[in-house]
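Inspection log for the structure reproduced underneath, given as structure tokens.
Just so it is clear, none of the values below were taken in a lab; they were calculated from the coordinates. Source: prediction; values computed, not measured. Quick reminder, even Gly has a Cβ in these numbers, built from the backbone with ideal geometry, and neighbours come from all protein chains shown.
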Amino acid sequence: MKRRRVVAGNWKMNLNSLEANDLVQDLLSLKHESARIILGVPFVYIASLARLTNGSNIEIAAQNCHHEQKGAYTGEISVEMLKSIGTDYVILGHSERREYFNEDDTLILQKMQLAHEAGLKVIYCCGEPLSVREAGSQNEFVQNQLAQSLLKLSAEEMKNTIVAYEPIWAIGTGKTATADQAQSMHQHIRQLISAQFGQEIADQSSILYGGSVKPANAEELFSKDDVDGGLVGGASLKAELFGPIIEANL
Ligand code: PEP
């Protein structure tokens, strides 16, 4: 089985309801039926956007979930709530959640397992900070992240997980990893998945690159063997930018 190419957007805390609706309508009108698109949207838009995109090639992701099943956690959102309103995916391990909300790999693993249990699929993010890249130890850093979370999943859970390699120094900075840097890390990640889960699962796992992907660099990044698409922040907020990125991955 050939692995699937994906372009995912991460809206973060942006767009009001009207803007969100307009953007999705614009993306639907692009009619790239063969593309697989996932939109990571704020919780409050999930239900309506899941209805709007029902039957299309756009799937909806939450940007977080709580690490417990239910209970006295005022203001939090559970995996079951997400599943019950039509959420397909949840993005976990994003560097902003690691940094601003102190999420570590143990917590991320807990969330991943809970999400899978509820029938959600996961986009799992990993990636090194600038100091690690400058010291040349990015492979060890990412290997360590994976060892504590992704590689502890069951094979079945891994099959329902997309990996996003997002070097922190390239997120929202305009600084992109070169296509060769991305390829080299993606190959490393695929080898780690293969060592844990076997070659077949590794070959079928989609590994996305994230970090200042834009129309000008998407094609080169996506042309690399182990880069199966992108996780896109800023450029996913405008159809005129996101559209060409989707096209670059067809
Ligand atoms: C992200 O937040 O996942 C991301 C990659 O952002 P940007 O594309 O804006 O760098």
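Give me log10 I(q)/I(0) at q = 0.13 Å⁻¹ for the chain, Debye formula, one equal scatterer per alpha-carbon, no solvent.
Values, matching the q order: -0.76.
Tally Lys/Arg at +1 and Asp/Glu at -1 over every other residue whose Cβ is under 15 Å from the Cβ of residue 130; what's the total?
Summing Lys and Arg as +1 and Asp and Glu as -1 gives -1.
Quick one: dipole size for region 1-138, taken about the Cα centre, charges +1 on Lys/Arg Cβ and -1 on Asp/Glu Cβ, in debye to the nearest 20.
Here the size comes out at about 580 debye.
Check residue 60: other-chain or 5+ apart residues with amide H under 5 Å from its amide H, H built from backbone geometry?
HN-HN under 5 Å from residue 60: 39, 88, 89.
Counting only helical runs of four or more DSSP H residues, what would the 222 nm mean residue ellipticity of the chain come to if each run contributes -39,500 (n - 2.57) and the total is spread over all its residues?
-12500 deg cm²/dmol
Size of the dipole of the chain about the Cα centre, Lys and Arg at +1 and Asp and Glu at -1 on the beta carbon, nothing else charged, in debye to 20? Can you show the working numbers first?
Details: 22 positive and 31 negative charges, 63 e Å.
Charge dipole, the chain, about its Cα centre: 300 debye, nearest 20.
Set the Förster distance to 35 Å, then compute FRET efficiency between residue 31 and residue 147 from the Cβ-Cβ distance, nearest 0.05.
Taking R0 as 35 Å, the efficiency between residue 31 and residue 147 is 0.25.
When the expected Rg is taken as 2.2 N^0.38 Å, what fraction or multiple of it is the alpha-carbon Rg of region 32-142?
1.18
Below 8 Å between Cα atoms, with a sequence gap of 6+, how large is the relative contact order for the chain in percent?
Normalised by residue count, the contact order of the chain is 22 percent.
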